[in-house]
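Below is one structure, written out as structure tokens; comments come after it.
The values are calculated or read from the model by the stated rules, or taken from the named source; none is laboratory data. No experiment lies behind these values; they were computed from the predicted model shown. Positions of Cβ are backbone-derived with ideal geometry, glycine not excepted, and every protein chain shown enters the neighbour counts.
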Amino acid sequence: MSQATEADVSEDGVIESVSGPVVTAKDLDAKMNDVVYVGHEGLMGEVIEIEGDITTIQVYEETSAVSPGEPVENTGAPLSVDLGPGMLDAIYDGVQRPLDVLEEKMGSAFLDRGVDAPGIDLEKTWEFNPEVSEGDTVAAGDVVGIVPETPSIDHKVMVPPDSEGGEVVDVKSGDYTVEDTVVELDTGEEIRMRQEWPVRSQRPADEKQTPTEPLVSGQRILDGLFPIAKGGTAAIPGPFGSGKTVTQHQLAKWADADIVVYVGCGERGNEMTEVIEDFPELEDPTTGNALMDRTCLIANTSNMPVAARESCVYTGITIAEYFRDMGYDVALMADSTSRWAEAMREISSRLEEMPGEEGYPAYLAARLSEFYERAGYFTNVNGTEGSVSVIGAVSPPGGDFSEPVTQNTLRIVKTFWALDADLAERRHFPSINWNESYSLYRDQLDPWFEDNVRNDWSEKRQWGIDTLDEEDELQEIVQLVGKDALPEDQQLTLEVARYLREAWLQQDAFNDIDTYCEPEKTYRILNAIKTFNDEAFDALEAGVPVEEITDIEAAPRLNRIGVQEEYEEYVDELEADIESQLRELY
Ligand code: ADP
């Protein structure tokens, strides 16, 4: 969070009323979304409504000690984030106050009121390596220098997007703080490593493109059946215990994004504590460095003020857009958007607005869509390409997907991964229900998979889908009359579908090998099951009884491909064995 200087602040309002996080002030000269300091303690707040001489403010801190009659000061600036080196490896609250700095200031993990801290360290020096020379002309968004921020990420220092640009008249090289001028333009503009951006406005880009590349996750059911594009949107509803946390961790670790922004709006205090403790321990499997070297964590627990939860997703997506502008692929995970919507609901009810469905404000759908709209694959103003993919977890009460947050999210996102409590109970992981989930990116991503993996990628997948659909229909009959009453070909289909579920869709996040599955391996497992299918039906047609077919020694080995490191050889051999063992039967 950027701080206003003393000179900016004008003391011009008086508190009229206080209702939880919502405070009204009289005679405050303010614009919508201005940041204000409320009361003697100077609690940070944001203007959310202006009617006549009454201004309504949402306060990002606990307001119990604030009373009518106390002053309100307006900074005149919108709620903004500080952008620059130092955001990776950081843990912030919803208004970008670094938790460790606040903790140090107050000596406790419980945030005190009226304490502010800049979002990035203003004193630390960074090694600035210029990319421009005197005499060069630069425009908005252009990269003027590189800072090796972490072992994993080079931070690109850019001309701010709202700059007029100009000719470089001075450029520095070496160690500087984020507040030092590193490049000076002939217009007099001084460029520093730190820039600010108002969180509620999208950072500009030249063009939003149709995404054509997948965000490869290394999770078979996602890449194989329900892929998300780089720059795409996905929702993952997670009833308790269904594997939401494991899935989010897997994505943070394995998805082929350069940067991860993890926005946690916690249900209970200890849930976010888990994330705050877990993440710094995670290793980035591709580099061996700490995962935090390419991660920015925004953490809000329910014991933090509700308004900070409302703003946390905006803080997160603005940081994501900033890295996108550098040409990076960013994955933003919001966990959970239900908590965010509840914060909106609480503030709305304090404002005595007309409630919509289940008490949520009527603008719930609009807010959700504004947020997800900021995802995309972009041509940036500096000509580079970058993406922000947004994966929002939803926690529907009681796992009931008909509630407003899930329903409104479903209308917006293009990928839906439905976690299923029944599958989790049966220990089928990841417990993503393949009948309910979908991806609207599937067709537009097929060319990528066909060019980069195998040219019959979509054909094989369709066979898998059809077989699983058929199983779903047959299961109804099996429930009524039992499996043995089915004709032999249908019994065989059930057996093939079982392998699809066990060998292909199931994946053990805790197995060192199986935890990540490259698309080629996803293809090979599916193809091996298809080989079994084709050979088995040939055998059946030649008169071999179904039990003999399903009993061959090789078949159960399908379930072990996932855990093979040298899977190519293993699959070659297995396919040959399936073929010979089945052909021996007739
Ligand atoms: P939630 O966050 O939805 O409450 P978790 O992500 O903590 O649920 O998952 C609950 C448990 O399910 C985990 O502790 C783990 O044992 C198991 N689990 C979930 N996903 C997987 C997976 N992909 N592979 C193996 N086990 C899993």
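Condition check ((1) within 29 Å of the chain's Cα centre (by Cα); (2) not aliphatic (A, V, I, L, M)) across all residues:
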{"position": "V23", "(1), (2)": "no, no"}
{"position": "K31", "(1), (2)": "no, yes"}
{"position": "V36", "(1), (2)": "no, no"}
{"position": "G42", "(1), (2)": "no, yes"}
{"position": "I48", "(1), (2)": "yes, no"}
{"position": "E51", "(1), (2)": "no, yes"}
{"position": "T55", "(1), (2)": "no, yes"}
{"position": "V59", "(1), (2)": "yes, no"}
{"position": "T63", "(1), (2)": "no, yes"}
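Working only within region 202-249, note down all residues that are hydroxyl-bearing (S, T, Y) and over 17 Å from the mean Cα position of the chain (by Cα).
If the condition is that a residue be hydroxyl-bearing (S, T, Y) and over 17 Å from the mean Cα position of the chain (by Cα), then T210, T212, S242 are the ones that fit.
Considering every residue within region 331-345, establish whether at least one is out of contact with any His (no Cβ under 6 Å at 6 or more places or on another chain), farther than 19 Å from I236 by Cβ, free of Cβ contacts under 8 Å to residues at least 24 places away in the same chain and surrounded by fewer than 23 Cβ atoms within 10 Å (Cβ to Cβ).
Yes; the residues of region 331-345 include at least one that is out of contact with any His (no Cβ under 6 Å at 6 or more places or on another chain), farther than 19 Å from I236 by Cβ, free of Cβ contacts under 8 Å to residues at least 24 places away in the same chain and surrounded by fewer than 23 Cβ atoms within 10 Å (Cβ to Cβ).
Looking at region 477-493, is at least one residue surrounded by fewer than 19 Cβ atoms within 10 Å (Cβ to Cβ), more than 16 Å from the ligand (Cβ to nearest atom) and polar (S, T, N, Q)?
Checked against the condition, which is being surrounded by fewer than 19 Cβ atoms within 10 Å (Cβ to Cβ), more than 16 Å from the ligand (Cβ to nearest atom) and polar (S, T, N, Q), region 477-493 yields at least one hit.
Which count do you get for residues in region 359-414 that are more than 23 Å from A257 (Cβ to Cβ) and of a type in the set (D, E, K, R)?
Of the residues in that region, 4 qualify.
For a quick check of your reading of the model, give me the residue pairs whose first member lies in region 561-584 and is over 17 Å from W504 (Cα atoms), whose second is in a helix (DSSP H, G or I) and basic (K, R), with beta-carbon atoms closer than 8 Å and at least 6 apart or on different chains.
If the second residue must be in a helix (DSSP H, G or I) and basic (K, R), the pairs left are D577/R557.
Yes or no: region 369-376 includes at least one residue that is among the polar types (S, T, N, Q) and either in contact with a Lys or Arg (Cβ under 7 Å, 6 or more places away or on another chain) or within 22 Å of S201 (Cβ to Cβ) (or both).
Within region 369-376 (the criterion being among the polar types (S, T, N, Q) and either in contact with a Lys or Arg (Cβ under 7 Å, 6 or more places away or on another chain) or within 22 Å of S201 (Cβ to Cβ) (or both)), the answer is yes, since at least one residue qualifies.
Among the listed residues E358, E353, identify the single one that is surrounded by fewer than 24 Cβ atoms within 10 Å (Cβ to Cβ), on the phi > 0 side of the Ramachandran plot and not hydrophobic (A, V, I, L, M, F, W, C).
Numbers: E353 fails: on the phi > 0 side of the Ramachandran plot.
Result of the check over E358, E353: E358.
Of these, I236, I191, I228, which one is within 16 Å of the ligand (Cβ to nearest atom) and of a type outside the set (K, R)? Outline the logic, then answer.
Numbers: I191 fails: within 16 Å of the ligand (Cβ to nearest atom); I228 fails: within 16 Å of the ligand (Cβ to nearest atom).
Matching residue, one of I236, I191, I228: I236.
State the number of residues belonging to region 239-252 that are modelled with pLDDT of 90 or more and more than 8 Å from the ligand (Cβ to nearest atom).
1
Here are the criteria: (1) more than 16 Å from the ligand (Cβ to nearest atom); (2) at pLDDT 95 or above; (3) surrounded by fewer than 19 Cβ atoms within 10 Å (Cβ to Cβ); (4) over 22 Å from the mean Cα position of the chain (by Cα). Tell me which single one E471 does not satisfy.
For E471, the exception is condition (3).
Kindly evaluate S173 against the criterion of being within 16 Å of the ligand (Cβ to nearest atom), at pLDDT 95 or above and at negative phi.
In short, no.
Write out, first by first residue and then by second, each pair whose Cβ atoms fall under 8 Å of each other, whose residues are 6+ apart or on separate chains, and whose first residue, in region 423-447, is within 25 Å of N511 (Cβ to Cβ) and within 11 Å of the ligand (Cβ to nearest atom) while the second is modelled with pLDDT of 95 or more and among the acidic types (D, E).
Within 8 Å, the pairs are F429/D508.
Name every residue in region 292-337 that is farther than 12 Å from A257 by Cα and acidic (D, E), in order of residue number.
D293, E310, E321, D325, D335
Quick one: which helices (runs of 4 or more DSSP H) lie wholly within region 387-500 and hold at least 3 residues that are touching a Leu at 6+ places or on another chain (Cβ under 7 Å)?
On the way: elements: 404-412, 421-425, 442-452, 457-481, 488-499.
The helices (runs of 4 or more DSSP H) meeting that bar are 404-412, 457-481, 488-499.
Which residue, of T295, T287, is of a type in the set (S, T, Y), surrounded by fewer than 24 Cβ atoms within 10 Å (Cβ to Cβ) and more than 19 Å from E196 (Cα to Cα)?
Numbers: T295 fails: surrounded by fewer than 24 Cβ atoms within 10 Å (Cβ to Cβ).
Every option except T287 fails the conditions.
Residues to consider are I146, I153, I191; find the one that is modelled with pLDDT under 95, surrounded by 14 or more Cβ atoms within 10 Å (Cβ to Cβ) and within 29 Å of Y377 (Cβ to Cβ).
I153
Looking only at region 528-568, count how many residues are over 20 Å from R220 (Cβ atoms) and in a helix (DSSP H, G or I).
Pass one, region 528-568, residues over 20 Å from R220 (Cβ atoms): 534-554.
Now drop any that are not in a helix (DSSP H, G or I), which leaves 534-541, 546-550.
Of the residues in that region, 13 qualify.
So, P519, is that one away from the ligand (no atom under 16 Å from the Cβ), under 25 Å from the mean Cα position of the chain (by Cα), closer than 24 Å to A555 by Cα and buried (at least 17 other Cβ atoms within 10 Å of the Cβ) or not?
Here the answer is yes, as P519 does meet what is asked.
Working carefully through the options E310, E271, E267, find the one that is modelled with pLDDT under 85, in a loop (DSSP other than H, G, I, E, B), among the acidic types (D, E) and under 28 Å from E403 (Cα atoms).
Answer to the selection: E267.
Quick check, is Y60 aromatic (F, W, Y) and closer than 23 Å to L291 by Cα?
Against the criterion (aromatic (F, W, Y) and closer than 23 Å to L291 by Cα), Y60 does not qualify.
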